[in-house]
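Each reported figure results from applying straightforward, stated rules to the coordinates on display, with no laboratory input. Given the structure is predicted, the values throughout are model-derived calculations rather than measurements. We place every Cβ from the backbone using ideal geometry, glycine too, and count neighbours over all the protein chains shown.
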There are 2 protein chains.
Amino acid sequence: MAATTPARERTRREIVHQAMDLFQARGYNATSLQDIATAAGCSKATVLYHFSGKPAVLAAVLEPAAADVAALVKAAAELSRADAQELAIKSFIDLAVVHRGVVDVLQDILPVIEQMPEVGQLVADGLQLSDYLAGSDDPLEQDLAKFAINGLLGECRHAQERTDDDLRRLCDIALRRILRRA
Amino acid sequence: MAATTPARERTRREIVHQAMDLFQARGYNATSLQDIATAAGCSKATVLYHFSGKPAVLAAVLEPAAADVAALVKAAAELSRADAQELAIKSFIDLAVVHRGVVDVLQDILPVIEQMPEVGQLVADGLQLSDYLAGSDDPLEQDLAKFAINGLLGECRHAQERTDDDLRRLCDIALRRILRRA
DNA sequence: AGCTTGCCTGACCGATCGGCCAGTTTTCAA
DNA sequence: TTGAAAACTGGCCGATCGGTCAGGCAAGCT
């Protein structure tokens, strides 16, 4: 059993994929394990065979985005403040656009996000990114950066009809206007 | 029975007040009728005696904010485009700050807000406001206005620690930067 | 063939949900 | 004081939730 069994990985992937779609469409709380199982073409017990519980499914859904954010934070840490800000503007938009589904999911669990240890690192990295985005110690700019992030995340929700490029362009303009980095 | 019975109105108000606090703190879905009843010092059956169901409680919670937004939309309709935009900027911020609790609640039910007829008018009025806020037919400015609203609403969430004036000032700066109406 | 191992499932559990109803307590006008 | 209307409640209902468990089933090793 050293090599991964194909069937195991295939089922796991299907569950995560369908869970992502359902979380995005109806929200985390409004999606039941039965919904996920039905969409994935297996039984609810199978979902719980592969994942220790509903929060574990959520963690698997968020994992790719969390990894990307963590990598971005790490990369920005080695740059000058100005360069880190520029990188944050460009990359944060990219991540939000590409992972817009995850953004949807995150907004749904915001009221109780503090009680979910499986997303703690992602939240912490997001806050770190907002620091880089501000590019200054000025509290006003820090707040404006958070304001911009809220707008950015909000814009990436329910934005299925927009193309990635259109969304990216819009967010870039908005972010640079708020941060006065045109 | 022509005049309102004092007891009726008093209990109703207490239920709505406690429901507001709970919806804001835990979210609409995570708050049960029993939670509301306990907080209001009555039984769950009493809540359902005064309101036809959980959605009706939500409608009552949102009602003051919905009325304010409707009034603002009506007022803006009689102004020139430029005046309407200026009014929208000022008043929308005021409303979001004053009713920030409602903003919290709304965000929680966003994934399923289309299926809630009791908040349809509020949503429609909000979209109308975003039009006034854009102040132009340019699709880019329209999108930026929506971006600004998302940022504004996001900023008003979980912002209990900030004073109203601080929040107002921050939102004013951010809005005018995005809309380039400094 | 027998047997282990990994994958999967139906049936079931306790808890909680929104909502309903019969009946009790309170209120208040006559 | 009295009686009907209004206000309120305990208890119950069906549905659904996340989660558990014993067992079925196919694949591969011996």
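Relative contact order, percent, of the stretch A:62-179 when contacts are C-alpha pairs under 8 Å separated by at least 6 residues?
This gives 34 percent for the stretch A:62-179.
Across the protein assembly as shown, what fraction of all alpha-carbon pairs, as a whole percent, falls in each successive 10 Å bin from zero upward?
Per 10 Å bin, starting at 0, the Cα pair percentages come out as 5, 21, 30, 25, 14, 4, 1, 0.
What's the minimum Cβ distance from chain A to the axis relating it to B, in whole Å, and which residue gives it?
A:Gly151, 2
Loop only by DSSP, 11 or fewer other Cβ within 10 Å of the Cβ. Give me the GluC sites (Glu not before Pro) in the stretch B:19-121 that pass, ordered by residue number.
Listed in order of number, the matching sites are B:Glu78.
Using a Förster distance of 41 Å, how high is the FRET efficiency between A:Val123 and B:Ala71, based on the Cβ-Cβ distance and rounded to 0.05?
That pair, A:Val123 with B:Ala71, gives E of 0.65.
At 7 angstrom along the Cα-to-beta-carbon line, where would the label on A:Arg26 sit relative to the other copies? Give the distances in nm, shortest first.
Label point to label point, same position, other copies: 2.2 nm.
Taking each residue of B:137-148 in turn, how many C-beta atoms of other protein chains fall within 10 Å of its C-beta, and what is the average?
Partner Cβ neighbours, averaged per residue: 4.
Checking understanding here: applying a Kyte-Doolittle mean of at least 1.0 and a length along the axis of at least 18 Å (C-alpha), which whole DSSP H helices in chain B pass?
B:54-77
Which of B:Leu110, B:Leu95, B:Leu33 moves most in a GNM of chain B, Cα contacts under 10 Å?
With Cα springs under 10 Å in chain B, the top fluctuation among B:Leu110, B:Leu95, B:Leu33 is at B:Leu110.
Where does the protein assembly as shown land at 222 nm, in deg cm²/dmol rounded to the nearest 500, when only DSSP H runs of n ≥ 4 count, each adding -39500 (n - 2.57), divided by all residues?
-24500 deg cm²/dmol
Please name whichever of B:Leu129, B:Tyr28, B:Val16 sits farthest to the positive end of the charge dipole of chain B, dipole taken about the Cα centre and charges placed at Cβ: Lys and Arg +1, Asp and Glu -1.
B:Val16
To the nearest whole number, what is the average tally of beta carbon atoms from other chains within 10 Å of the beta carbons of peptide A:166-173?
2
Comparing A:Ala134, A:Ala77, A:Ala88, which has the greatest mean-square fluctuation in the GNM of chain A with Cα pairs linked when under 10 Å apart?
In this elastic network of chain A, the residue with the biggest mean-square fluctuation among A:Ala134, A:Ala77, A:Ala88 is A:Ala77.
How far apart, in nanometres, would the label points at B:Asp21 and B:Glu63 be if each is projected 7 angstrom from Cα along the Cα-to-Cβ direction?
2.0
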